[in-house]
Amino acid sequence: MQPNATSELLVTNIDNAPAAVPNFDEVVQHYWQRVFRFVLASVRNVNEAECLTQDCFCKAYKAWTRFRGDSSVETWLMHIAVNVVRDFFRNRRLQFWRSAPVVDASEVGCILTDRKLSPETNAVVQEQLRNVWAAMEILPTKQRTAFLLRFVDEMELSEIAQVMGITEGSVKVHLFRAVHAVRKRLGRS
Amino acid sequence: MNTHLTEEQISRYIAGYATAELDRHIVGCAQCSAKLGSLENIIGQFRGSAGDWAGRECRLPDMATLSGVFRRSRTLSLRWVAAAATLAAIAAAFPAFRKPVEPPVAVLEQSRSDEQLLERVNAHLSQSAPASLQPLMEMLPLRSDLKNEGEIR
């Protein structure tokens, strides 16, 4: 994660003015897509991801004046996003009559056809991707969260630990189990 | 390390359990290096697909609309607070509306007989002379009569 000028500016603003509610517009503009990407990869449903991203920023807006700047805005927002996603799956477990969202492989696959790959390679990659997405559906929430934060958001282990509210050792354990599950899934195909 | 890395060791390596020994082995072993590279490539493709999917579907919200949503949610939470306060007030007032509980009949009778007994004891104690001298006391004129006689004299 390379901090750019805008994120540095935001962190500075927050350090200086804890009640800087007007600056929240900048936070939304800057971090919306990033939060949305994590939430979408977690829930694998565009409509639900949009609602949950909005929930996340809504919670952040309410807590904005209490934000002390102990961590970066990004870490703080991702922490809220992780909790929002966790609550979503917790509620969903109670709604047992609703089936889990399934990623349409063609939806993800159509992106790859734009790349300069031979048809054979493209087919193999699509199959592998389908398996990784399928593994995401069966992984427990903590393992999936650790996997996505590490390999999609490219966060450091210490950052993931902060976002998930666990130790770095626990992050490694969740990551190991997630990677092992993904590899099993890939090996089975 | 003479043998190749196991599946578990490769997973551990990717998960962040890298050691100097594992690093050395991967650098020196083409087969393990290829295995690791293949896994990293798949993860890279996955990252790309997740990023592209989000990029394609992400619509930045209109700030005016979003501010409205934020304000509404704040009003909504205030409403919840008001509703909770009302419920708490009703719950607190509820015992005041309840009818007082009547004591059972046996308890009432017991207390009645206790009162009668106390009255009898009081009457007995308030007597100026013992019971055996009571007939003599009745023969004496009342103190008020004696007072009246004195006045006439």
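If we sort B:82-88, B:61-67 on the protection proxy, mean other Cβ atoms within 10 Å, highest first, what's the order?
B:61-67, B:82-88
Looking only at other chains, what is the average number of their beta-carbon atoms within 10 angstrom of each beta-carbon in A:153-159?
1
Take A:F88, A:F36 and order them by how many other Cβ atoms sit within 10 Å, fewest up front.
A:F88, A:F36
Quick one: 3J(HN,Hα) in Hz for the stretch A:72-85, Karplus 6.51/-1.76/1.60 with θ = phi - 60°, rounded, Gly and Pro as x.
So the Karplus estimates, Gly and Pro as x, are 6, 4, 4, 4, 4, 5, 5, 4, 5, 4, 4, 5, 5, 5 Hz.
Thinking of the stretch B:3-45 as a set of Cα atoms, what percent of all their pairs are more than 11 Å apart?
Of all Cα-Cα distances in the stretch B:3-45, 64 percent exceed 11 Å.
If each of B:L140 and A:R92 carries a label point 7 Å out from its Cα toward its Cβ, how far apart are those two points in nm?
10.3 nm
Please compute the net charge surrounding B:L36, taking Lys and Arg as +1 and Asp and Glu as -1 over other residues with Cβ under 14 Å from its Cβ.
Charge balance in the 14 Å sphere: 0.
Averaged over its residues, how many other protein chain Cβ atoms are within 10 Å of peptide A:176-187's Cβ atoms?
That works out to 4 on average.
Just in the stretch A:122-159: which GluC sites (Glu not before Pro) are loop by DSSP and have at most 12 other Cβ atoms within 10 Å?
Of the GluC sites (Glu not before Pro), the ones in loops of the stretch A:122-159 whose Cβ has at most 12 other Cβ atoms within 10 Å are A:E154.
Values in this text are rule-based calculations from the coordinates and carry no lab data. Small disclaimer: the values here were computed from a predicted structure and weren't measured. Quick reminder, even Gly has a Cβ in these numbers, built from the backbone with ideal geometry, and neighbours come from all protein chains shown.
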